[in-house]
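Before any comments, here is the structure.
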Amino acid sequence: MQEAIPLNWRKYPERYRLEGTHCEECGQDFYPKKNICPNCRRKGKLEDKQMPREGKIISYSKVKASHKDFKDETPYYVALIELKNGVTIFSQVVDSLDNEVEIGAEVEKVFRKLNDKKYGVIAYSHKFRVKK
Ligand SMILES: [Zn+2]
């Protein structure tokens with residue numbers, strides 16, 4: 001039964017491969033996935049598309065106090081990232097030094113474990129790191 005599959009697994013392609021949608025009608029990409037193109041409405045022709053693996057930081061924040069589940073990881077960076085196709089996503093920035101995380105810094109996607117303590121399953125998600 002479809003409903004029995006945990007959300008983590010149903011969201012797998014979207015999270016793991018950074019899969020969004022592309023509208024053939026207007027040429028715009030979207031992430032997260034859309035069911036209807038916001039530009040073209042019912043005239044839009046949507047198809048699955050993998051988002052670019054690279055982008056740049058347009059805004060960021062250093063998190064020093066977080067939810068208890070992420071206490072081991074603090075402090076850490078979160079950033080608004082503009083991908084090469086213009087789509088913006090919110091993501092954690094890992095493996096990067098304080099002086100590397102800045103507005104305009106080029107970043108690339110990496111895979112990281114999300115949180116395996118609470119749910120007993122290992123969930124992976126996209127994260128980004130500053131390109132060396
Ligand atoms: Zn469209």
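Bear in mind these aren't lab numbers, they're just calculated from the coordinates by the rules spelled out. A quick note: this is a predicted structure, and the numbers were derived from the prediction, not measured. Here the Cβ is made from the backbone with ideal geometry for all residues, glycine too, and neighbour counts use every protein chain on show.
Any chance you could run the full-extension gain for residue 111 through residue 54? It's 0.36 nm times the residue separation minus the Cα-Cα distance, nm to one decimal.
19.2 nm
Gain in length, residue 69 to residue 100, computed as 0.36 nm per residue apart minus the alpha-carbon separation, to one decimal in nm?
8.6 nm
Beyond a 20 Å Cα-Cα separation, which of these cross-linked pairs lie in this structure: 49/127; 45/109; 45/84; 34/131; 68/132?
Cα-Cα > 20 Å for 45/109; 45/84; 34/131; 68/132; rest within.
Rounded to the nearest 0.05, what FRET efficiency do residue 84 and residue 40 have when you use their Cβ-Cβ distance and R0 = 30 Å?
0.85
Apply the Karplus parameterisation 6.51 cos²θ - 1.76 cosθ + 1.60, with θ equal to phi minus 60°, to every residue of segment 83-92 and state each ³J(HN,Hα) to the nearest whole Hz, in sequence, with x for glycine and proline.
Residue by residue, segment 83-92 yields 6, 4, 8, x, 6, 9, 9, 9, 8, 6 Hz.
Starting from 0.36 nm per residue, how many nanometres of slack lie between residue 25 and residue 132 once their C-alpha separation is accounted for?
Answer, rounded to one decimal: 34.8 nm.
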